[in-house]
Amino acid sequence: MASSGELEIFQIPAGPIETNAFLVMDLAAGEALIIDAPPDVEIELDAEVVEHGVRPIALVVTHTHWDHIGDVAAVADRYAVPVVVHEIERERLERPTGGPVPIKAAKVDRTLTDGDEVVVGGHRFVVMHTPGHSPGQISLYSESDGIMFGGDTLFPNGYGRVDIPGASEADTLATIRRLLTLPDHVKVYTGHGLPTTIGNERHWMEQVDRTGQLL
């Protein structure tokens, strides 16, 4: 295992609806994980990679809605990194359709399922399958670091839309109940906007759990 240092996380909102990409860096190891690649993120992402002197080792896609994958092919080519996505989402990345911006198909190098691990430097993230907004949406959870990258799984005071093709209210309810098992201190980096914590969202998630009805 590479030497471990504290993670440094750089959030880059990009594209027409300011979708977040993340550069997750173990500076002691000189490695970085890229999470999501919205349209027009490549230039700013590259500036951060150069500034911090890190080597990207993988691009993980939380789910394959157009606003999270616009620059996947460009970023993967730029750094010659494997593209990693849940097995359910693979086809939509290799044969993208829809959306207001052109999206180039990207080759998937590794597929994930619940319980798999993604490693950067000395830090291990467990893959949580968190469907609802998208059938194969994943979150990356590090218990030791107390952080989760959730894509559009969870937002301050809410969750990803369920009124779009492929979304599921039942799956969203099950995902919310699963998130309730995480500790309050876990910081959640979201697909849009600012981070939150499980503790900050627990009040409404418990209401959803209790009533069995989404907000």
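Worth pointing out:
- Restricting segment 149-182 to residues that are in a helix (DSSP H, G or I) and under 18 Å from the mean Cα position of the chain (by Cα), the residue that is farthest from Asn200 (Cα to Cα) is Asp171.
Here's the yes/no breakdown for (1) of a type in the set (Val, Ile, Thr); (2) at pLDDT 95 or above; (3) surrounded by fewer than 15 Cβ atoms within 10 Å (Cβ to Cβ); (4) more than 19 Å from Leu154 (Cα to Cα):
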| position | (1), (2), (3), (4) |
| --- | --- |
| Ile9 | yes, yes, no, no |
| Thr19 | yes, yes, no, no |
| Gly30 | no, yes, no, yes |
| Ala37 | no, yes, no, no |
| Ala47 | no, yes, yes, yes |
| Ala58 | no, yes, no, yes |
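- Residue list for segment 107-123, restricted to those being closer than 25 Å to Arg78 by Cβ, of a type in the set (S, T, N, Q) and part of a loop (DSSP other than H, G, I, E, B): none
- Breaking point among (1) charged (D, E, K, R); (2) over 24 Å from Thr190 (Cβ atoms); (3) in a loop (DSSP other than H, G, I, E, B), for Asp77: (3)
- Test: Val101 is touching a residue at least 12 places away in the same chain (Cβ under 8 Å) and part of a strand (DSSP E or B): no
- Hits in segment 157-215 - residues which are touching a helix residue (DSSP H, G or I) at 6+ places or on another chain (Cβ under 8 Å), under 17 Å from Pro135 (Cα atoms) and not charged (D, E, K, R): Tyr159, Gly160, Val162, Leu173, Ile176, Leu179, Gly191
Each row is one residue, and each column tells you yes or no for (1) free of Cβ contacts under 8 Å to residues at least 40 places away in the same chain; (2) of a type in the set (Val, Ile, Thr).
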| site | (1), (2) |
| --- | --- |
| Gln11 | no, no |
| Glu18 | no, no |
| Phe22 | no, no |
| Val49 | yes, yes |
| Ala73 | yes, no |
| Tyr79 | no, no |
| Val85 | no, yes |
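The values are calculated or read from the model by the stated rules, or taken from the named source; none is laboratory data. Everything quoted here is computed from the prediction, not taken from an experiment. All Cβ positions, glycine included, derive from the backbone under ideal geometry; neighbour counts span all protein chains shown.
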